[in-house]
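The values are calculated or read from the model by the stated rules, or taken from the named source; none is laboratory data. Every value quoted in this text rests on a predicted model; they were computed, and no experiment measured them. Positions of Cβ are backbone-derived with ideal geometry, glycine not excepted, and every protein chain shown enters the neighbour counts.
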Amino acid sequence: MQQFYGLGVALVTPFKEDLSVDYDALKKLVNYNIENGTNYLVINGTTGESATITKEEKEQIIRVVAEVNNKRLPLVLGVGGNNTQTVVEELKTLDLSEIDAILSVAPYYSKPTQEGFYQHFKAVALASPKPVILYNVPGRTAKNMEPATTLRLANDFANVIGVKEAGNNQQQYYSLLKDRPEDFLIISGDDDLALGVVLAGGAGVISVIGQGLPKEFSQMIQLGLEAKAKEAFGIHYRLMDVIDLIFEENNPAGIKAVLKKLAITSDKVRLPLVPASKDLQHRIGSFIDNL
């Protein structure tokens, strides 16, 4: 699973002023990341505003990203939800010919038990024709999938190849790293903790800020994978402030403010999200100028 080591980025979905999908900006974003050191691309995840893009838009986004990528980088597709049967049907009906793995978020809102998480992802694993990366993000789903459940799934299903862990809990990372099966990928979903996770044995990160600053962030992660802690932390300390800034109000409004400053996309988001405040945009802009 070497193709999922390093920097993966959770792509935003760019919008025009009328809030239709800006496919030209999406193409620009994909090329920008490929040309600046990103290792793989994640499509239609939370940062892509998957909750507010239509089925037709999701399918077109996949086609556009795959066409522009032209097999240069591995592609991971977000397929998840809190209706297990709907997720299973989506996996069975989607054209996944250009996709290398599935990223499937833990069921949200319903707050299942640990057995409920296990049975949900068992159904996903059995239905998926592609490798599955689990995604634990209790800050969004309202329920933590505990390490024991993640590792149970890792041991029971060969196509469950890793977890994007985004509990912002260093001890939970350590528990996963300590007891994981060989070759099971522990991928950071927390930009601020990513370097520490990599230095402890993690495979890398699926990042938000990485798509805005791929050259710097991918270099930091690569140095971490090479156990060059001093050099890696030098970059980490330079980027700390902007990581805090982009999550200050909401995601992806913060990263879209970065991408607007870089003239890659607009800062438009769909309701119930709103763009970053003028004050936050100013502080993000100042950071980018100084960087």
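Any residue that is of a type in the set (D, E, K, R), surrounded by 16 or more Cβ atoms within 10 Å (Cβ to Cβ), within 24 Å of Val79 (Cα to Cα) and at pLDDT 95 or above - is there at least one of those in segment 213-228? Checked segment 213-228: no residue is of a type in the set (D, E, K, R), surrounded by 16 or more Cβ atoms within 10 Å (Cβ to Cβ), within 24 Å of Val79 (Cα to Cα) and at pLDDT 95 or above. Among the residues of segment 106-123 satisfying the criterion of being crowded, with 18+ Cβ neighbours inside 10 Å and assigned to a loop (DSSP other than H, G, I, E, B), which is nearest to the chain's Cα centre (by Cα)? Per the stated criteria, the residue is Ala106. Are any of the residues in segment 73-84 in a helix (DSSP H, G or I), out of contact with any Lys or Arg (no Cβ under 7 Å at 6 or more places or on another chain) and closer than 18 Å to Val137 by Cα? Yes, segment 73-84 contains at least one residue that is in a helix (DSSP H, G or I), out of contact with any Lys or Arg (no Cβ under 7 Å at 6 or more places or on another chain) and closer than 18 Å to Val137 by Cα. With respect to being at pLDDT 95 or above and under 13 Å from the mean Cα position of the chain (by Cα), Ile102 fits the description. In segment 147-179, of all residues being within 17 Å of the chain's Cα centre (by Cα) and among the small types (Gly, Ala, Ser), the one that is surrounded by the fewest Cβ atoms within 10 Å (Cβ to Cβ) corresponds to Gly167. Considering only segment 15-29, I want to know if a residue exists there that is polar (S, T, N, Q), part of a helix (DSSP H, G or I) and either at pLDDT 95 or above or surrounded by fewer than 16 Cβ atoms within 10 Å (Cβ to Cβ) (or both). No, that holds for no residue.
One residue stands out among those in segment 1-32 that are polar (S, T, N, Q) and in contact (Cβ under 8 Å) with a residue 12 or more places away in the chain: the one that is farthest from Glu49 (Cα to Cα), which is Gln3. Among the numbered conditions (1) touching a strand residue (DSSP E or B) at 6+ places or on another chain (Cβ under 7 Å); (2) at pLDDT 95 or above, the only one that Met1 does not meet is (2).
Conditions tested, residue by residue: (1) more than 20 Å from the chain's Cα centre (by Cα); (2) not in a helix (DSSP H, G or I).
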residue	(1), (2)
Ala125	no, no
Leu134	no, yes
Pro181	yes, yes
Val198	no, no
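Of the residues Leu29, Leu19, the single one that is out of contact with any Phe, Trp or Tyr (no Cβ under 6 Å at 6 or more places or on another chain) and within 26 Å of Leu134 (Cβ to Cβ) is Leu29.
Which of the following residues is under 22 Å from Gln222 (Cα atoms) and not polar (S, T, N, Q): Leu19, Leu7, Leu26? Within the list Leu19, Leu7, Leu26, the selection yields Leu7.
Conditions (1) on the phi > 0 side of the Ramachandran plot; (2) touching a helix residue (DSSP H, G or I) at 6+ places or on another chain (Cβ under 9 Å); (3) free of Cβ contacts under 8 Å to residues at least 60 places away in the same chain; (4) small (Gly, Ala, Ser), marked per residue:
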site: Lys71; (1), (2), (3), (4): yes, no, yes, no
site: Pro74; (1), (2), (3), (4): no, yes, no, no
site: Tyr108; (1), (2), (3), (4): no, yes, yes, no
site: Val132; (1), (2), (3), (4): no, yes, yes, no
site: Leu153; (1), (2), (3), (4): no, yes, yes, no
site: Val160; (1), (2), (3), (4): no, yes, yes, no
site: Glu165; (1), (2), (3), (4): no, yes, yes, no
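Exactly one residue out of Ile61, Ile43, Ile34 is over 16 Å from Leu259 (Cα atoms), surrounded by 16 or more Cβ atoms within 10 Å (Cβ to Cβ), more than 15 Å from the chain's Cα centre (by Cα) and not acidic (Asp, Glu), and it is Ile61.
Of all the numbered requirements in (1) farther than 26 Å from Val197 by Cβ; (2) part of a helix (DSSP H, G or I); (3) not aliphatic (A, V, I, L, M), Thr47 misses one, and that requirement is (1).
Checking each residue in segment 205-234 for being over 17 Å from the mean Cα position of the chain (by Cα) and aromatic (Phe, Trp, Tyr) picks out only Phe233. Residue by residue through segment 117-133, note down the ones that are touching a strand residue (DSSP E or B) at 6+ places or on another chain (Cβ under 6 Å), farther than 12 Å from Gly81 by Cα and not basic (Lys, Arg). If the condition is that a residue be touching a strand residue (DSSP E or B) at 6+ places or on another chain (Cβ under 6 Å), farther than 12 Å from Gly81 by Cα and not basic (Lys, Arg), then Ala125, Ser128, Pro131, Val132, Ile133 are the ones that fit.
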